C-alpha cells in the first residue's frame with residue numbers, strides 16, 4: 001500500500017489544475033488524457049477503481065451491432081471507430097472474436113436479413129474486422145454442436161472484440177497511465193464537500209479506509225461519477241440539460257458451455273426478442289445481459305433474473321443436463337447510466353431498450369465543472385479526448401495530444417521482453433497443463449512492469465511459483481500488485497485486479513491454502529484484518545475450511561482466470 005500512501009500525501013493540501021471525481025472508466029480515461037497532456041490532475045474514487053458499473057460489463061469491446069435495430073448509425077460508427085483504435089492500441093489485451101448468432105423460428109430477423117445487417121455493420125466499421133458470413137442450419141450445428149438446432153433456421157457470424165482479462169483491470173490500466181504521467185490518484189477517497197472561491201474549488205476529502213479528512217484544491221472539477229453524476233451536481237448546485245436514468249443488466253457465470261476449441265461468443269434472441277450472449281471467460285461462460293428499467297443505481301441479481309436467463313439458455317442449448325442455480329459460480333449486476341434530457345419526462349411511455357447508449361459531456365463554464373453522462377468501455381478514448389477539449393475551453397492550457405496516455409508499449413519494447421524471457425527460459429519454469437505461456441500472460445497483464453518481474457525471478461526462482469493453485473497467479477505477481485496496484489482490500493485483488501472471484505466458487509477460495517500467503521504479501525501485518533473483512537467474522541483464519549486448492553476446473557485453457 002506504499003503507492004497509495006504516497007498518493008494520499010500528494011492529495012493532502014494539494015494544488016491541482018483538475019480534480020476528477022469518480023474512478024470508473026470515464027474518470028480513469030479523463031485523468032489519463034489530461035495528465036498525458038501536461039495538466040496537474042487529482043483522481044479520487046470513494047470505493048476501489050472500477051468497482052461499480054465498470055466491473056459489471058460484458059467484457060466486450062464492440063461497435064454495438066444490436067444498436068442498428070434502432071437505426072443509431074452515428075453511434076455505431078463512432079463505437080466501431082473506437083473499437084478499431086482500441087484493438088490497434090492494445091493488441092495483446094483486446095482480441096477479435098466471432099459472434100455466432102443462431103436464428104430460430106421466433107427470431108425477429110431471417111438469417112439472410114441478419115447477415116445483410118452484419119455486412120452493413122462491417123462496412124460501417126470500416127472493415128476493421130474479418131467479414132461476416134451467412135451460416136446454414138447444418139453449418140451452425142457443425143460450428144457449435146452445443147446449440148440446439150431443432151428450430152434453428154440458420155445463422156450468421158460477425159466479428160467484434162473482447163477483453164482477454166477483465167473490465168476493471170482495463171480501467172486500472174488508465175489509472176496507472178495517469179500516475180505514470182504525473183497524476184495523483186487514490187482509491188477509497190470520497191469527496192465530502194466542495195466550495196468555489198475566486199476561480200478555484202476547495203474540496204474536502206475523506207479517506208474511507210481510515211476516516212481521515214483533508215482538503216485539496218483545483219481550478220476545475222470533472223464529474224465522472226457514473227450513475228451518481230446527478231447527485232454530485234446537485235451538491236454543486238449545478239443545473240444541467242441532461243440527466244441519467246438506469247437500466248439494470250445482469251450476467252451469470254457458469255462452467256464453460258461451448259465445446260468448440262476456438263474462442264467464440266454465441267448470440268441468441270430471447271423470448272422478448274432482445275439479444276443476449278454466451279461469452280467465454282477462461283473455462284467459464286458468462287450468460288447475459290438483461291435490460292430492465294430500475295430507479296436505483298444499486299442492484300443485485302434476484303430470483304426472477306436468474307430464472308429468466310437460465311430458462312432462455314436451457315431452451316437454446318443441447319446440454320446434457322439443464323443449468324440450474326447450483327451451476328452459477330458468480331453473478332454480475334450493474335446499471336447502465338443512460339442519458340436523457342431533463343425535459344423528457346419519466347420515460348414511462350418509451351421503449352426502454354431503445355434509449356440511446358451514447359454519452360454526453362456538459363460543461364458549466366461559470367462553475368468550472370465538466371460532467372460526463374453515460375459512456376461505455378468501447379467509447380473510452382473518445383471520452384478522454386472530449387474531456388480534454390472541454391478543459392481547454394475552460395481556459396486551462398494543455399500540451400499537444402501525443403496519444404501517449406493509452407495503449408501498450410511499442411513493438412520494440414515488447415520484442416525485448418520476449419527476448420529476455422526466452423533467454424531465461426521463463427515458459428519452461430512450470431509444467432501446468434492447458435495454460436498460456438507465462439511470457440504472454442505477464443506481458444499482457446503488466447507491460448513494461450513485467451521487466452521487473454523477470455529480474456525478480458532471476459534473483460529468486462521461487463518467484464515463478466504459483467501461489468494460489470489453479471487461480472494462476474505467481475508469487476512475483478502478488479508482490480508487484482502490492483507495490484504498484486493500490487490493492488487496499490482483498491476484494492480489490494480478487495474481483496478487480498484479477499477476476500478470481502468471478503471464476504472460482506467461493507468455497508474453493510475460502511479453503512485455499514495459498515490465500516493466506518497471498519494476503520500476507522499484499523497486506524503484511526494487516527493480512528488477518530483484510531481476510532476477516534473479506535469473508536466476514538465467520539472466517540476461520542486457517543485457510544483449511546473447505547476442499548483444498550482453488551478449483552482446477554476454473555483454470556483457463558487459452559487465456560487466464562485473472
Residue within segment 216-236 that is surrounded by fewer than 15 Cβ atoms within 10 Å (Cβ to Cβ), farther than 20 Å from residue 47 by Cα and not assigned by TED's automatic domain parsing to the domain that holds residue 526 present: yes
Some residue of segment 341-357 being at pLDDT 95 or above, not assigned by TED's automatic domain parsing to the domain that holds residue 64 and not in a loop (DSSP other than H, G, I, E, B): no
Some residue of segment 96-106 being out of contact with any helix residue (DSSP H, G or I) (no Cβ under 6 Å at 6 or more places or on another chain), part of a loop (DSSP other than H, G, I, E, B) and modelled with pLDDT under 95: yes
Residue in segment 254-275 that is in a strand (DSSP E or B), touching a strand residue (DSSP E or B) at 6+ places or on another chain (Cβ under 6 Å) and within 30 Å of residue 43 (Cα to Cα) present: no
Residue check for residue 176: in the same structural domain as residue 28 (by TED's automatic domain parsing) and either in a helix (DSSP H, G or I) or closer than 20 Å to residue 30 by Cα (or both): yes
Selection count where residues are buried (at least 18 other Cβ atoms within 10 Å of the Cβ) and more than 27 Å from the chain's Cα centre (by Cα), scope segment 123-136: 1
Selection count where residues are touching a strand residue (DSSP E or B) at 6+ places or on another chain (Cβ under 6 Å) and on the phi < 0 side of the Ramachandran plot, scope segment 277-289: 8
Test set (1) over 22 Å from the mean Cα position of the chain (by Cα); (2) at pLDDT 95 or above; (3) within 21 Å of residue 162 (Cα to Cα) - residue 421 fails condition number: (3)
Condition broken by residue 525, with the remaining ones in (1) under 19 Å from residue 328 (Cα atoms); (2) surrounded by fewer than 17 Cβ atoms within 10 Å (Cβ to Cβ); (3) modelled with pLDDT of 95 or more satisfied: (1)
Test result for residue 508, in a helix (DSSP H, G or I), closer than 27 Å to residue 59 by Cβ and touching a strand residue (DSSP E or B) at 6+ places or on another chain (Cβ under 8 Å): no
Test: residue in segment 404-424 that is within 27 Å of residue 81 (Cβ to Cβ), touching a strand residue (DSSP E or B) at 6+ places or on another chain (Cβ under 8 Å) and surrounded by 21 or more Cβ atoms within 10 Å (Cβ to Cβ): no
Leading residue by the ranking (nearest to the chain's Cα centre (by Cα)) among those in segment 187-211 that are touching a residue at least 60 places away in the same chain (Cβ under 8 Å) and farther than 25 Å from residue 366 by Cβ: 187
Candidates 313, 361, 279, filtered to the one that is modelled with pLDDT of 95 or more and touching a helix residue (DSSP H, G or I) at 6+ places or on another chain (Cβ under 9 Å): 361
Residue 372 surrounded by 23 or more Cβ atoms within 10 Å (Cβ to Cβ) and farther than 29 Å from residue 504 by Cβ: yes
Residue in segment 336-346 that is touching a residue at least 12 places away in the same chain (Cβ under 8 Å) and surrounded by fewer than 19 Cβ atoms within 10 Å (Cβ to Cβ) present: yes
Listing of helices (runs of 4 or more DSSP H) fully contained in segment 389-482 that carry 1 or more residues being under 24 Å from residue 502 (Cα atoms) and touching a residue at least 60 places away in the same chain (Cβ under 8 Å): 438-446
Residue within segment 23-34 that is outside any helix (DSSP H, G or I), crowded, with 24+ Cβ neighbours inside 10 Å and out of contact with any strand residue (DSSP E or B) (no Cβ under 7 Å at 6 or more places or on another chain) present: yes
Any hit, segment 179-197, residues being in contact with a helix residue (DSSP H, G or I) (Cβ under 6 Å, 6 or more places away or on another chain), within 30 Å of residue 306 (Cβ to Cβ) and part of a loop (DSSP other than H, G, I, E, B): no
Every residue from segment 77-103 that is without any contact (Cβ under 8 Å) to a residue 60 or more places away in the chain and either over 19 Å from residue 122 (Cβ atoms) or surrounded by 23 or more Cβ atoms within 10 Å (Cβ to Cβ) (or both): 80
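The values are calculated or read from the model by the stated rules, or taken from the named source; none is laboratory data. This is a predicted model, so every value here is computed, not measured. Ideal geometry is used to build each Cβ from the backbone, glycine not excepted, and the neighbour counts take in all protein chains shown.
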